[in-house]
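What follows is a single structure, written as structure tokens, with notes after it.
Just so it is clear, none of the values below were taken in a lab; they were calculated from the coordinates. Please read these numbers as outputs of a predicted model, since none were measured by experiment. Here Cβ is always computed from backbone atoms with ideal geometry, including for glycine, and neighbour counts include all displayed protein chains.
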Amino acid sequence: MEVTFEDCVTGIVDFSKYLNQGSVFEKFNCIEFFKNFSINKELGVLTWGDDEVDIAPETLYADATNAPLPDWMTLRQESLANLSFQPTS
């Protein structure tokens, strides 16, 4: 899908990579569901359904421009991956 951003940059985002991610993205297998998207103005994200599926604009921008994700997203993802949960008694 071709997307255009507020800074007038355009690019192609290949959403097929989401098809194998499972979970809520399984809904993308229904082309009618996929074609029925909107932009949540409050959050600034592309959404499907009743905001049940969304993709952050930073992710779309990185995909469309072949640029890396912003540092703050990469650092956050690494921090989340390093979380360990300790049982409480």
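So, in nm, how far is label Ile31 from label Glu58 when the simple model puts each one 7 Å beyond its Cα toward the Cβ?
For Ile31 paired with Glu58, the spin-label model returns 3.4 nm.
Quote to one decimal, in nm, the extra length available between Ala67 and Asn20 on full extension: 0.36 nm per residue of separation minus the C-alpha distance between them. List each step's numbers first, then the result.
Values: separation 47, 0.36 × 47 = 16.92 nm, distance 2.24 nm.
Roughly 14.7 nm would be gained on extension.
Quick one: which residues, 5+ away or cross-chain, put their amide H under 5 Å from the amide H of Leu69? H built at 1.01 Å from N.
It is none; the list stays empty.
Count the net charge of all other residues whose Cβ sits under 15 Å from the Cβ of Tyr18, scoring Lys and Arg as +1 and Asp and Glu as -1.
Local net charge: -2.
Once fully extended, how much extra length lies between Phe5 and Asn40, figured as 0.36 nm per residue of separation less the alpha-carbon to alpha-carbon distance?
Working: separation 35, 0.36 × 35 = 12.60 nm, distance 1.43 nm.
Full-extension gain reported as 11.2 nm.
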